[in-house]
1. Under the rule of at least 5 residues apart or a separate chain, name every residue whose amide H is placed under 5 Å from the amide H of residue A:42.
2. State whether chain B is rounded, prolate or oblate according to the following rule on the C-alpha gyration tensor (a ≥ b ≥ c being the square roots of its eigenvalues): a/c under 1.5 gives rounded; otherwise a/b larger than b/c gives prolate, and the remaining case gives oblate.
3. Counting Lys and Arg as +1 and Asp and Glu as -1, what is the net charge of the other residues whose Cβ lies under 12 Å from the Cβ of residue B:404?
4. Take residue A:327 and residue A:120, extend 7 Å from each Cα along the Cα→Cβ direction, and tell me the distance between the two endpoints in nm.
5. Would you work out which of A:331, B:316, B:438 lies farthest towards the positive end of the dipole of the protein assembly as shown? Charges go on Cβ: Lys and Arg +1, Asp and Glu -1.
6. Can you classify the range A:238-334 as rounded, prolate or oblate using the Cα gyration tensor, where a ≥ b ≥ c are the square roots of its eigenvalues, rounded means a/c under 1.5, and otherwise it's prolate if a/b beats b/c and oblate if not?
7. Treating only the Cβ atoms of Lys and Arg (+1) and Asp and Glu (-1) as charged, compute the dipole magnitude of chain B about its Cα centre; round to the nearest 20 debye.
8. Which net charge results when you count Lys and Arg as +1 and Asp and Glu as -1 among the other residues whose beta-carbon is under 12 Å from that of residue B:53?
Amino acid sequence: MDRRTFTTLALASAATLALPLRARADEFGSPELIAAAKAEGKLVFYTANYAEIEQQVIKLFNKRFPEIRVEMVRAPGGQLITRVKTEAAAGKLIADIVDHSDRALMQPLEDLFQDYAPPNAADYSKDALVSAKLWPRATIAWSIAYNTELVKDPPKSWIDLTKAQYDKLTGQVFAQSGGTTWTRIMFERQVLGEDYWAKQAATHPVLYPSGAPMADSLVRGEIAMGPLLYNVIYQKKKDGAPVEIFFPPEGVPVNPYATGIPKTASHPNAAKLFLNWCLSKEGQTFMVKELGNLTSLKEPPAFPEGFDPKVVKLWYPNFDQYVKLHAAWVADWDKTFGYRQ
Amino acid sequence: MHGQADRRSEAMRSASEGTRRRAFTGLWVAALLAILSFLVIYPVFMLLLGALTDTNPVVDGIRLSLSHLSVANFLAVLANPNVGEALLNTLIACGGGTLIAVAIGLLFSWIVVRTNTPFKGFIAAASILPLFAPPLVAGVAWAILGSPKTGLINTMFKWMGSDLRIDLYSMWGLVFVFGIYYAPYVYMFTSSALRNMDPSLEEAAEISGASAFATLFTVTFPLIMPAIVSGMLLSFIVMLGIYGIPAVLGAPTNLNVLTTYIFKLTNWSPPLYNTAAAVAIILMVVTGLLVYLQQKLLSGRSYTTVAGKAFRPRSLDLGPWRWLTFALGVVYLLVVVVLPSLALIVAAFRKFMFIRDAASLFDMRQYSLMHFESIFDNPLTMRSIYNAVEVGVITAVVGGALAFAIGYTIHRTRVAGRGAIDLISTLPVAIPGLVVGVAYLWAWIGVPGGLYGTIWILALAFIARFMPDTVKALSTSFLQIHRELEEAAWVCGRGMLGTIATIVLPLARPGVLASMTLLFVLAIRELGSSLFLYTSNTMVMSVLLLDYYEGGNVGKTAAFSLVQTVLLGVLIGGANWLSRGSAQRSAARTG
């Protein structure tokens, strides 16, 4: 082999090797976008999701793009919306990305956000979108969990949770806590029956302000079972806690997030790159496998443990009803469960 | 001729000095009022505006908000029976808690300052440890200990074969935890007053034949009444504003107090800030009444006990009884410090908090460093520690200086406008942190010069929020210093500032240091008002701690709060050691 042939071959094989990487990098944005994002060097990420979970996402993103620092501000849904509105009104919105679990709170703010769509926009299910500017970066689903040390005869369905034998053993997140819980109670009334709440309330569940403290109570044994977001309790199971989780056969309520880039973003390219990556197959696969999310991609690249796509029936709320029924139904729920406003 | 001219020029000089002094005083009061307006009045105005409208003053503009004024929020809140119930629960919990706190705090300040109880220094140092733990952490620790289902205390009772069970998820639990948690507050007030008190009055009582017990109740305690009342009132008010403890202990049985109710309102989706502001105003009215009551109780009496006479605080020889007081100290430490710390240590090192029985509690395979590894793996941890210390130092120094200026103006001068200063500086005590956070955000986000997003906006919020605590803590020191000492300095030709520097400051130093320390601790712990003001660069420890808690991770919450407690302990121990050094130096100088 002469030198020229060797060089050609070497270059060719190097090019072949580099191709997949190149192609994958393109998946997240044009070379110009990536260069511009790297030049910006950072972005500010407002999220209503749990900081610890998002920390893992940021860590993986930084493996691919170590030049871009992601600074996170995490607040519960209601507080986050107030902060965004107030900052925006004062002309001091710091966020480059706003990521929220309640689409009904985000949609009225649509005008704050710039036009944005990820490269794989066509792959996303229309059910998950409430605006062309807001994307389901995370999609989370409800499940039922129980403490294996305490429950020897576990529930197998939503209806089982109303059994008299589980009296004073269950927990619930209260209806007014936010978009994800609202999705669940809407599902309960529309799918499991008008009397499901009353039956559930008859077992005297302990009411929690959000899923995370309830998950912790479940692990500690304060309660023995209850509906929980899969991604919240999955972290515990992964760490070895005595819990079991399943997707009930009657249906699984799904809550897609709404995530967008404000018009005022001072690091718009870094924000786009981060969102492109989160919404890409790679980002979504990671969130499914490691965080216990689902995905709103029409063809999911992966499923969480124990999720059989042939059996599990996903349930997306009708967004019109999601907005219109909220106040009246939450008031009904409060009355049924004796939750005082 | 000459004599006449001299007299005339002297008269002119003193007249111009008088004018200068008046101008200076006027400027001084105006400056204080301007600072207070920015720190207090403006945010409170925003809060009132929020309570009286259904708008967000920043989003909808102040003008629109002003045109939408109505009392609808108040009517809705007042007509809601749950608010009434929450208010009643609040008053019971805080009232009961205050009684316990005063009983314990007073007893221990007397034991530590006035008796020869063995190891009293150690008891003193350990007894203020609960102050370092944020209320949320205290709540979590006591939930781990006292839950009716999974509590460690009940687990141990079961193991010992006893049928005894405790349940802290109740009103009694709330009262108990409030009481022991805020005893150090009362202790801090009363111990510095006892330390500064001239013992000759007690000696006089004893010489006249009063027993030690009678002396305690007829001389000692009445003399330090301002400190007792201040400590009592402050602990009551602080309990009114606490969220963490009732949130953890009250939630499982749906036991609501005003703060948990307000938190619910702000955390609902969509959040109801305007209603929350209205509830907060009710809380302010309750507090306002209490402050008024305190002023009424204390006015028209003299509590001067520090005068120009030398004295040495004496300690009472208790004889064999000192072992009883020692035992009391040990029990107190065990309940207030050791048990909750153990609960936190177990939670921080144990992989999961499911504890089947006593054997499982001691199963070492269940323990690991995983929570610590995980928190230090998080880059936010170190940044939040750094930020929190920075904010704490700024708050303590600037807030301490401001509180000194305010306290001196209120208590040691007769300038016009000091009543207003007193009133305004007391106002923030009444506003619960969560709501005041929004008020600060509404008020200060538009301030030109980019205050928002810096560490200073947090520090300013803390200075404003804790001004009443600091001013009240200092007031007791001011009230005790007799005017004759300052007059002596004036007679010797010192000006006002000179008198402050050479007389007031050194004498009030224990109080000043104590209040700055208190401010530092409060600033590091403060959560409610931080929530709205921090940004990605200025994340502080308390916010990260709430993240861990809300993330449903008792293990990491416990691990991080241990880190915070150790950090505070080291910093405050260090500060104490430094100040003791300087005290010795100044003693050597004057000696």
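1. Residues meeting the amide H criterion: A:69.
2. Judged from the Cα gyration tensor, chain B comes out oblate (a/c at least 1.5, b/c at or above a/b).
3. Residues near residue B:404 contribute +2 overall.
4. With each label point 7 Å from Cα toward Cβ, the separation is 4.0 nm.
5. Looking along the dipole axis, the top candidate is B:316.
6. It comes out oblate by the Cα gyration axes.
7. That gives chain B a dipole magnitude of about 1120 debye.
8. The answer is -1.
Every read-out reported here was derived from the displayed coordinates using simple, explicitly stated rules and does not represent laboratory data. Note that the structure is predicted; figures quoted are calculated from it, not measured. For neighbour counting, all protein chains shown are included, and Cβ atoms are generated from backbone atoms with ideal geometry for every residue, glycine included.
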